[in-house]
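Asker: Could you have a look at this structure, given as structure tokens, before my questions?
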Amino acid sequence: MTSKIYALVGPHACGKTTLIHKLIEMGVCCIPVYTTKDPTPQDKDTKTKIFVSQSDFLKKEWVVKVTYKGDYYGLLKDDVLNALTKHHVSVTTLSANGIKQLSKIFPKNLETVYIMVDYVTLIDRMLKMGHSNTDMKYHLEYAENNGEFDSWKLTDHVIKNIGKGDKAFNQLMSIMGLSANFTPEMVARL
């Protein structure tokens, strides 16, 4: 059976990290994204994102390397290869450019899932994250100007993630071939 990497795609605050954290709790392998971005108070998460200096970033071997809002983001070659050899199912996040890079290297192993939300939901989530009006305007304009709301056209699957996200999580589990009845031990054996 072919190992799969499921990459979640979507604009800031669409719920990618929340969905990934639920999967991690179930025992699904997460391939972290490395970034040169300065961490904010909201960036306490070290399971999905690892913060490094630009000089350290440039020394590493990447299978995906993109820039986003002036910072580097990437997936380490070793992390991706380890996920594919040790886990049947893994999850990460990607941008549209990241999809293009990873799909060229691992076309049979990559499944992409766009997390779709409406503006009202995005604004509500950004307010809960503590963003200012200026930050929210920037994120929405960036997403609009850089085609993030159209990235669904590049993905294999689309999930609408509004409300508390239970439906979205169940849909993601189904896409990944998992069940809500799976325990972390069962996922680890996959």
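Every number in this text was worked out from the coordinates using simple rules, so none of it is lab data. No experiment lies behind these values; they were computed from the predicted model shown. Positions of Cβ are generated from backbone atoms using ideal geometry, with glycine treated the same way; all protein chains shown enter the neighbour counts.
Asker: So how much slack lies between residue 133 and residue 160, counting 0.36 nm per residue of separation and subtracting their Cα-Cα distance, in nm? Don't skip to the end; give the middle numbers.
Answerer: On the way: separation 27, 0.36 × 27 = 9.72 nm, distance 2.45 nm.
Stretched out fully, the residue 133 to residue 160 stretch lengthens by 7.3 nm.
Asker: Taking amide H atoms as placed 1.01 Å from N in the peptide plane, list the residues 5 or more away in sequence, or in a different chain, whose amide H sits under 5 Å from that of residue 93.
Answerer: Here the answer is 8, since their amide H atoms fall under 5 Å of that of residue 93.
Asker: For residue 71 and residue 100, compute 0.36 nm times the residue count separating them, minus their Cα-Cα distance, and round to one decimal in nm.
Answerer: My answer for the length gained is 8.6 nm.
Asker: Helix-only estimate, please: 222 nm mean residue ellipticity of the chain, summing -39500 (n - 2.57) across DSSP H runs of length 4 or more and dividing by its residues, to the nearest 500.
Answerer: Values: 8 runs with 75 residues, N = 190.
Per the formula, -11500 deg cm²/dmol.
Asker: In which sequence would 43, 38 go, from the one with the fewest C-beta neighbours within 10 Å to the one with the most? Before the final figure, lay out each step's value.
Answerer: Values: 43 14, 38 8.
Starting with the residue having the fewest Cβ neighbours, the order is 38, 43.
Asker: Then there's this: If the viscosity is 1.002 mPa s and the temperature 20 °C, what Stokes-Einstein diffusion coefficient in µm²/s follows for segment 4-189 when Rh is the Kirkwood radius over Cα pairs?
Answerer: Values: Rh = 16.9 Å.
My calculation gives 127 µm²/s for D.
Asker: Sticking with this structure for a sec: Taking amide H positions as placed 1.01 Å from N in the peptide plane, with prolines and chain starts having none, which residues 5 or more places from residue 158, or on another chain, fall under 5 Å of its amide H?
Answerer: Sorted by chain and number, the residues that satisfy this are 114.
Asker: Hey, another quick one. Over 32 Å between C-alpha atoms is what I'm after, so list which of 59/137; 47/167; 60/164; 69/108; 86/153 land there.
Answerer: Working: 59/137 34 Å; 47/167 23 Å; 60/164 37 Å; 69/108 30 Å; 86/153 30 Å.
Beyond 32 Å: 59/137; 60/164.
Asker: Going highest first, how would you order 131-140, 82-91 by mean Cβ packing within 10 Å? Walk me through the intermediate numbers first.
Answerer: Details: 131-140: 14.5, 82-91: 17.8.
Going from most to least packed, we get 82-91, 131-140.
Asker: Let me ask something else. Sorted by packing (mean other beta-carbon atoms within 10 Å per residue), highest first, where do 114-123, 51-60, 12-21, 101-110 land?
Answerer: Order by mean packing, descending: 12-21, 114-123, 101-110, 51-60.
Asker: Sticking with this one: Return the percentage of antiparallel bridges among DSSP beta bridges fully within the chain, rounded to the nearest 5 %. Don't skip to the end; give the middle numbers.
Answerer: Numbers: 8 of 27 bridges.
Bridges in the chain that DSSP calls antiparallel: roughly 30 percent.
Asker: Also: Quick one: which residues, 5+ away or cross-chain, put their amide H under 5 Å from the amide H of residue 110? H built at 1.01 Å from N.
Answerer: 5
Asker: I'd like to know which of 127, 5, 21 lies farthest towards the positive end of the charge dipole of the chain, counting +1 on Cβ of Lys and Arg and -1 on Cβ of Asp and Glu.
Answerer: My answer, from the dipole projection, is 5.
Asker: Taking 35 Å as R0, compute the FRET efficiency from the Cβ-Cβ separation of residue 59 and residue 150 and round it to 0.05.
Answerer: Working from the Cβ atoms, E equals 0.55.
Asker: Tally Lys/Arg at +1 and Asp/Glu at -1 over every other residue whose Cβ is under 12 Å from the Cβ of residue 138; what's the total? Before the final figure, lay out the partial values.
Answerer: On the way: positive: 69, 137; negative: 135, 141, 144.
My count for the surroundings of residue 138 gives -1.
Asker: Same structure again: Mind checking the full-extension length gain between residue 167 and residue 119? Use 0.36 nm per residue of separation minus the Cα-Cα distance, one decimal, nm.
Answerer: Working: separation 48, 0.36 × 48 = 17.28 nm, distance 1.87 nm.
Stretched out fully, the residue 167 to residue 119 stretch lengthens by 15.4 nm.
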